[in-house]
């Protein structure tokens, strides 16, 4: 199970995604270009002390990302989808793709993904923070597939 960020706009969100994937034991793909300089020093600073625990792969373009992820199912989280992430059957080899904060993903990316999913929200509201949405979707996907690495549920 992997999380992919498409051309992220906000360095703090990238840092939160690094922390999220490190804590959940997932991997992170960064599809460049980013809207901010992403050198090794800045990546380390953005990741805080979670960088060493994170499995991060950088891709110079969407085409390079698709080539490196051949065979995996690409699942786009988008506000325009009809299918809820809660009813979708995830697979362990899925890559959850999140669009950029300002523009989502272009139509060409929408056309080549294997599934498009949404998170239901209150009427009149347009979107969640990209990493909040990623955390919701990734947690559900990992729960469904048995990839959750946290403590066992202790519900009484």
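At-a-glance table
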| read-out | value |
| --- | --- |
| Hey, residue 95 closer than 14 Å to residue 30 by Cβ and touching a strand residue (DSSP E or B) at 6+ places or on another chain (Cβ under 9 Å) or not | yes |
| Those residues of region 92-105 which are outside any loop (DSSP other than H, G, I, E, B) and within 17 Å of residue 147 (Cα to Cα), in sequence order | 95, 96 |
| Flag if residue 102 is under 22 Å from residue 33 (Cβ atoms), in contact (Cβ under 8 Å) with a residue 40 or more places away in the chain and surrounded by fewer than 19 Cβ atoms within 10 Å (Cβ to Cβ) | yes |
| Residue count, region 119-156 (criterion: modelled with pLDDT of 95 or more, within 17 Å of residue 73 (Cβ to Cβ) and not in a helix (DSSP H, G or I)) | 0 |
| Qualifying residues in region 95-108 (those that are at pLDDT 95 or above and in contact with a helix residue (DSSP H, G or I) (Cβ under 6 Å, 6 or more places away or on another chain)) - the one farthest from residue 143 (Cα to Cα) | 98 |
| Of all residues in region 8-29 being in contact with a strand residue (DSSP E or B) (Cβ under 7 Å, 6 or more places away or on another chain) and surrounded by fewer than 21 Cβ atoms within 10 Å (Cβ to Cβ), the one that is nearest to residue 91 (Cα to Cα) | 27 |
| Criterion violated by residue 56 - all others in (1) modelled with pLDDT under 95; (2) assigned to a loop (DSSP other than H, G, I, E, B); (3) under 15 Å from the mean Cα position of the chain (by Cα) satisfied | (2) |
| Criterion: part of a loop (DSSP other than H, G, I, E, B), without any contact (Cβ under 8 Å) to a residue 60 or more places away in the chain and over 15 Å from residue 132 (Cα atoms) - qualifying residue of 64, 72, 108, 89 | 89 |
| Conditions (1) modelled with pLDDT under 95; (2) farther than 13 Å from residue 98 by Cβ; (3) under 11 Å from the mean Cα position of the chain (by Cα); number of the one not met by residue 14 | (2) |
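The values are calculated or read from the model by the stated rules, or taken from the named source; none is laboratory data. Quantities reported herein were computed from a predicted structural model and do not represent experimental measurements. Cβ: placed from backbone, ideal geometry, glycine included. Neighbour counts: every protein chain shown.
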